[in-house]
Ligand code: AMP
């Protein structure tokens with residue numbers, strides 16, 4: 001596995017790979033890799049000639065009071081995991097290189113972002129699509145792999161690819177969970193011991209919500225039941241519970257179309273998100 005920090009060098013490698021006709025699978029991450037990331041790398045490995053994984057904690061997608069500084073980082077461990085689990089090229093640019101001084105062009109998302117994390121984290125998805133536009137231009141992947149744990153991100157990236165005619169196939173991959181059901185997340189290390197014990201309840205409550213929906217309850221009943229279960233948890237607070245069409249992310253009255261039940265929950269030092277999509 002090669003580690004590339006320099007953008008020009010990465011572009012030269014991509015140019016050579018394209019001449020050789022190689023198909024590139026791309027896994028963008030913010031590092032502190034776990035089995036969720038690895039599942040994307042392994043899928044990319046199976047479906048492409050080679051895998052580029054990027055590690056970049058993108059300052060532009062964090063709000064002023066968010067956890068950019070507390071976001072966990074461990075490059076040595078990431079490098080080892082990426083190598084062992086099938087990455088060919090680890091792209092690890094600096095913030096200075098990705099946002100050159102004086103270059104001020106950014107992207108703006110105007111659909112699918114007035115709900116869920118888009119509503120709660122203003123500017124977050126503008127930051128996400130800005131960095132992905134840069135990364136897609138540098139890496140020129142044939143396929144890009146994203147996790148459905150961040151389901152709104154998948155919906156927004158789908159829109160980005162269509163809006164800007166990126167010749168990239170978006171591959172949405174299932175959420176990988178701990179044995180107790182907690183969705184794997186780099187942020188889980190910022191949970192206290194007590195919070196870690198409570199956190200699997202988020203998924204349990206989502207499963208109950210899905211069961212209720214499958215038994216025929218209406219959308220508002222399911223939403224208020226889930227909200228009240230979350231509000232009964234002692235250690236944190238609910239950021240949102242929303243039930244929307246997927247991937248359109250529009251309000252729904254029934255479960256007659258693919259529908260996402262999504263939540264965000266704030267613990268002391270970690271805001272966690274999770275969801276279930278009912279097809
Ligand atoms: P992040 O490093 O959190 O930006 O995540 C990088 C990619 O990994 C995104 O596409 C995430 O959706 C995906 N991902 C993160 N956690 C999981 C998980 N538990 N299961 C599957 N994919 C995940």
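Every number in this text was worked out from the coordinates using simple rules, so none of it is lab data. Keep in mind that what you see is a predicted model, and the values were worked out from it rather than measured. Counting neighbours? That spans all protein chains shown, and the Cβs are built from the backbone with ideal geometry, glycine included.
Return the calculated 222 nm mean residue ellipticity for the chain, to the nearest 500 deg cm²/dmol, obtained by summing -39500 (n - 2.57) across DSSP H runs with n ≥ 4 and dividing by the residue count. Present the calculation step by step, with values, prior to reporting the outcome.
Values: 10 runs with 107 residues, N = 279.
Value at 222 nm, helices only, nearest 500: -11500 deg cm²/dmol.
Between the Cα long axis of helix 219-231 and the first principal axis of the chain there is an angle of about 90°, rounded to the nearest 10.
Once you have a ≥ b ≥ c as the square roots of the Cα gyration tensor eigenvalues for region 186-274, tell me rounded if a/c is under 1.5, and otherwise prolate or oblate according to whether a/b is larger than b/c.
On the way: a/c = 2.52, a/b = 1.88, b/c = 1.34.
Prolate, because a/c is 1.5 or more and a/b exceeds b/c.
Region 75-128 and region 148-217 have Cα centres spaced 18 Å apart. Among 145, 99, 240, the largest mean-square fluctuation in a Gaussian network model of the chain, built with springs joining Cα atoms closer than 10 Å, belongs to 99. Residues considered: 212, 182, 263. Largest GNM mean-square fluctuation over the chain, using C-alpha springs under 10 Å, is found at 212. Beta bridges from DSSP with both residues in the chain: antiparallel share about 50 percent, rounded to the nearest 5.
How much length would be gained if the chain were fully extended between residue 16 and residue 106, taking 0.36 nm per residue of separation minus their Cα-Cα distance, in nm to one decimal?
The span from residue 16 to residue 106 would gain 29.6 nm if fully extended.
Across the chain, the mean sequence separation of Cα contacts (distance under 8 Å, 6 or more residues apart), normalised by length, yields a relative contact order of 17 percent.
Average projected area of the Cα convex hull of the chain, in nm²? Don't jump to the answer; show the numbers that get you there.
On the way: hull surface 59.1 nm².
Over every viewing direction, the Cα hull of the chain projects on average to 14.8 nm².
With the chain treated as a Gaussian network of Cα nodes joined by springs under 10 Å, which of 183, 251, 264 yields the largest mean-square fluctuation? Result: 251 has the largest fluctuation of those listed.
By per-residue mean of other Cβ atoms within 10 Å, what is the highest-first order of 36-43, 13-20? Intermediate results must be reported in sequence, preceding the final value.
Working: 36-43: 21.0, 13-20: 13.5.
Highest mean packing first, the order is 36-43, 13-20.
Taking the longest Cα principal axis of the chain as reference, the axis of helix 35-47 is set at about 50 degrees. Taking Cα atoms only, the orientation of helix 7-19 departs from the longest principal axis of the chain by about 80 degrees. Every Cα-Cα pair in region 25-135 was counted, and those over 23 Å apart are 36% of them.
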